[in-house]
1. Restricting to Cα atoms and excluding each atom paired with itself, what does the Kirkwood estimate give for segment 218-380 in Å?
2. Along its three principal axes, how long is segment 18-121 when you only count alpha carbons? Whole Å, largest extent first please.
3. What is the Cα centroid distance between segment 339-356 and segment 37-54, reported in whole angstrom?
4. Please list, by residue number, every one of the trypsin sites (Lys or Arg not before Pro) in segment 95-193 that is coil in DSSP and has at most 14 other beta-carbon atoms within 10 Å.
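Computed from the coordinates by the stated procedures, all read-outs in this text should not be read as laboratory data. Everything numeric in this text was worked out from a predicted model, so none of it was measured. Methodologically, a virtual Cβ is constructed for each residue, glycine included, from the backbone with ideal geometry; neighbour enumeration extends over all protein chains shown.
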Amino acid sequence: MTASIQPPSAPPSRPCGCILVVDDQPANIQTVGTLLHAEGYDVMSATSAEQALQRLRARRPDLLLLDMMMPGTSGLELCRVLTAKPSLADVPVIFLSAADEVGLITAALEAGAVDYVTKPFRRAELLGRIRTHIALKAARDALGRLAEEKDELLNLMAHDLKNGLAAIRLHAEFLARHAADLEPSARHCVDTLTHEAARLSDCIGELLSSQVSGPQPLRLAALDLVAHVREAVDAHRALAEAKGQWLDLEIAAAAPCPVLADAAALRQVLDNLLSNATKFSPPGRPVRVEVEPAGGDDGPLVRVRDQGPGFTEEDQRLVFRKYGRLSAKPTGGETSTGLGLSIAKRLTDRMGGRLALQSQPGQGAVFTMRLPAGAGEPER
């Protein structure tokens with residue numbers, strides 16, 4: 001038995017996929033192989049599970065057509081072996097067998113097969129299912145390549161940003177050492193610049209590490225919500241003032257107000273909510289930030305109110321989705337990636353909290369973040 005099927009006529013010049021046909025009957029292989037070759041597929045063959053594994057070590061096909069009943073290692077056992085191998089688990093397996101018992105079909109699908117076609121097969125049905133599963137595999141492979149390219153691009157961007165922020169941080173620290181000669185408002189700007197450059201450097205460092213090991217676990221601890229909100233508001237005042245806006249902070253909670261949260265995640269959520277509010281609010285209007293203590297079974301909350309254009313019903317369905325296209329536009333020509341609010345929602349969920357939106361067109365928006373109450377002395 002040779003490793004390939006010789007067609008009666010020349011196949012198309014560009015094969016549309018490679019298929020391994022495994023059957024202990026050479027006549028069945030010849031019948032199926034001739035059909036596949038005529039359709040433009042590159043065909044390999046094997047008459048046993050052992051021979052199939054040899055073929056797979058030499059070349060990985062796009063799809064495997066597998067007989068159920070074979071002497072020695074059965075097709076079902078071979079399918080289980082392939083599913084357990086990381087290098088072969090993504091190769092789709094279609095059983096092509098005369099066995100049509102429901103129990104065997106169920107066992108085949110549970111073993112990892114993507115489909116089951118009974119003999120005698122209908123030509124159009126077999127070819128249709130093969131085309132479908134090869135197309136699905138090609139789509140999965142393309143998505144995998146896109147994910148790798150995205151990760152590579154993200155790494156490059158993060159490295160470039162980290163280098164730029166290191167320079168900003170270095171110059172900010174130089175200015176801080178000579179801050180005694182500056183006016184109070186200028187000293188405050190230098191302090192904010194130094195602090196924010198350091199924080200963003202840490203965020204990018206975490207991003208780079210997460211690209212290697214996946215999303216990092218959150219370090220949940222009792223934090224002072226009031227202190228973290230004050231810090232975030234102070235960092236955003238200059239941006240709001242540049243648009244003729246101002247930030248009103250109202251604290252109804254007695255400081256400190258402990259919540260169970262991750263410090264970096266909490267700051268990122270607050271930054272995204274404040275950035276969104278200032279970005280979509282018109283000049284000359286305030287952004288109101290409220291902190292309230294725990295009530296009953298509910299933990300403390302932060303409420304961010306803006307006087308922007310608000311959100312339509314369709315916007316509210318999309319607002320927490322990645323890259324959601326919203327009807328509202330930034331009022332100062334700022335860019336909007338559609339990621340900030342989706343990240344805020346994901347991080348709030350991971351901390352065990354809730355992030356909700358209340359809005360009507362023309363009446364602004366209110367984002368409410370509620371976090372679990374913390375126990376013990378909160379960290380600053």
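1. On the way: mean 1/r = 0.0634 Å⁻¹.
Value: 15.8 Å, from the Cα pair sum.
2. Computed over segment 18-121, the largest-to-smallest principal extents equal 33, 32, 23 Å.
3. Comparing the Cα centres of segment 339-356 and segment 37-54, I get a distance of 50 Å.
4. Values: sites: Arg122, Arg123, Arg129, Arg131, Lys137, Arg140, Arg145, Lys150, Lys162, Arg169, Arg177, Arg187; in loops: Arg122.
When the trypsin sites (Lys or Arg not before Pro) of segment 95-193 are filtered for loop state and at most 14 Cβ neighbours within 10 Å, Arg122 remain.
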